[in-house]
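The structure appears right after this line, and notes come after that.
The values are calculated or read from the model by the stated rules, or taken from the named source; none is laboratory data. Being a predicted model, the structure only gives us computed values, none of them experimental. In this analysis, Cβ positions are derived from the backbone assuming ideal geometry, glycine residues included, and neighbour counts consider all displayed protein chains. Remember, those area values only see protein heavy atoms, side chains included, never the ligands or the DNA or RNA. Shrake-Rupley method; radii C 1.70, N 1.55, O 1.52, S 1.80 Å.
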Amino acid sequence: MMGRRLFTPNRWNWSQKAEKWVYIKINKDGKKLYQYQIDPPQEFINLTIRMKELNKKLLKTTDPDENAKIFNELMKVSKKMQDMGKPS
């Protein structure tokens, strides 16, 4: 399986090649500055836990309205995960 080769600046990306998380910042001169870390960013951990909780609720609910509500929340969390920026 081949990972993506291009990373999105100003957010955390997983580097399959380096087997580390990488945050790419572009400075004023257009140069890319890379920050690596082995452990996942805390935001990623929190969002993963939230997704797990929502998935459990989604599996338990039989009410279509509640199902739609949980699913929409799950999509919001997924979007946040994709847009993860560097924590301040």
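If I go through region 6-32 residue by residue, how many of them are free of Cβ contacts under 8 Å to residues at least 40 places away in the same chain and either in contact with a Leu (Cβ under 7 Å, 6 or more places away or on another chain) or under 19 Å from MET81 (Cα atoms) (or both)?
14
Out of all the residues in region 39-49, which are open to solvent by less than 70 Å² (accessible area, probe 1.4 Å), outside any loop (DSSP other than H, G, I, E, B) and free of Cβ contacts under 8 Å to residues at least 40 places away in the same chain?
Matches in region 39-49: ILE45, LEU47, THR48.
Can you list residue pairs whose Cβ atoms sit under 8 Å apart, with the first residue in region 62-78 being in contact (Cβ under 8 Å) with a residue 24 or more places away in the chain and the second being in a helix (DSSP H, G or I)? Count only pairs 6 or more apart in sequence or on different chains.
Matching pairs, first to second residue: VAL77/LEU47; VAL77/ARG50; VAL77/MET51; VAL77/LEU54; SER78/MET51.
So that you can scan it fast, the table gives a plain yes or no per residue for (1) part of a loop (DSSP other than H, G, I, E, B); (2) open to solvent by less than 90 Å² (accessible area, probe 1.4 Å); (3) among the hydroxyl-bearing types (Ser, Thr, Tyr):
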site	(1), (2), (3)
PHE7	yes, yes, no
ASN13	no, yes, no
LYS17	yes, no, no
TRP21	no, yes, no
GLY30	yes, yes, no
MET51	no, yes, no
LEU54	no, yes, no
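Please work out if GLN35 is open to solvent by 50 Å² or more (accessible area, probe 1.4 Å) and under 16 Å from MET84 (Cα atoms).
So GLN35 fits the description; yes.
Just to verify a result, which residue in region 56-85, among those that are open to solvent by less than 60 Å² (accessible area, probe 1.4 Å) and in a loop (DSSP other than H, G, I, E, B), is farthest from TRP12 (Cα to Cα)?
Filtering region 56-85 for residues that are open to solvent by less than 60 Å² (accessible area, probe 1.4 Å) and in a loop (DSSP other than H, G, I, E, B), the one farthest from TRP12 (Cα to Cα) comes out as THR61.
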